[in-house]
């Protein structure tokens with residue numbers, strides 16, 4: 001589902017080639033694929049701890065270009081009426097990375 005949302009926003013999940021429904025990926029595999037954007041779940045208005053941890057890898061494109069974003073987990077984690085809000089938030093952050101101000 002997340003890969004489909006990313007695709008609808010004009011992005012590409014760097015792990016979309018994995019066959020598992022919900023693959024577990026290692027830190028090393030993320031670093032090797034060097035994403036342009038990192039998006040994860042969080043609570044509106046707060047920077048989640050996972051986002052700050054990425055600062056340890058300043059040469060990674062997403063970190064170097066400050067394209068690490070959190071969207072409300074409740075809006076993207078499960079199918080339901082809030083999924084539209086989650087997709088909108090996801091599209092906004094992907095677009096921010098595409099067109100930095």
* What relative contact order, as a whole-number percentage, does the chain give when Cα pairs under 8 Å and 6 or more residues apart are counted? -> 30
* With a/c under 1.5 counting as rounded, go ahead and sort the range 1-54 into rounded, prolate or oblate using the C-alpha gyration tensor (a ≥ b ≥ c being the square roots of the eigenvalues; past the cut-off, prolate if a/b is larger than b/c, else oblate). => oblate
* What's the extension gain from residue 18 to residue 92 if we count 0.36 nm per residue and subtract their Cα-Cα distance? -> 24.1 nm
* **Kirkwood Rh, Cα atoms: Rg over Rh of the chain** => 0.93
* Between residue 27 and residue 7, what is the spin-label point distance in nm, taking each point 7 Å from the Cα along the Cα→C-beta axis? -> 3.1
* Asked: Contour minus end-to-end for residue 65 and residue 43, with contour as 0.36 nm per residue of separation and end-to-end as the Cα-Cα distance?
  -> 5.7 nm
* Structure fact -> Largest-first semi-axes in Å of the equivalent ellipsoid built from the Cα gyration tensor of the range 45-101 are 23, 14, 8
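Read the figures in this text as sums done on the coordinates, not as results from a lab. Note that the coordinates shown come from a computational prediction; the quantities given were computed from them, not determined experimentally. Methodologically, a virtual Cβ is constructed for each residue, glycine included, from the backbone with ideal geometry; neighbour enumeration extends over all protein chains shown.
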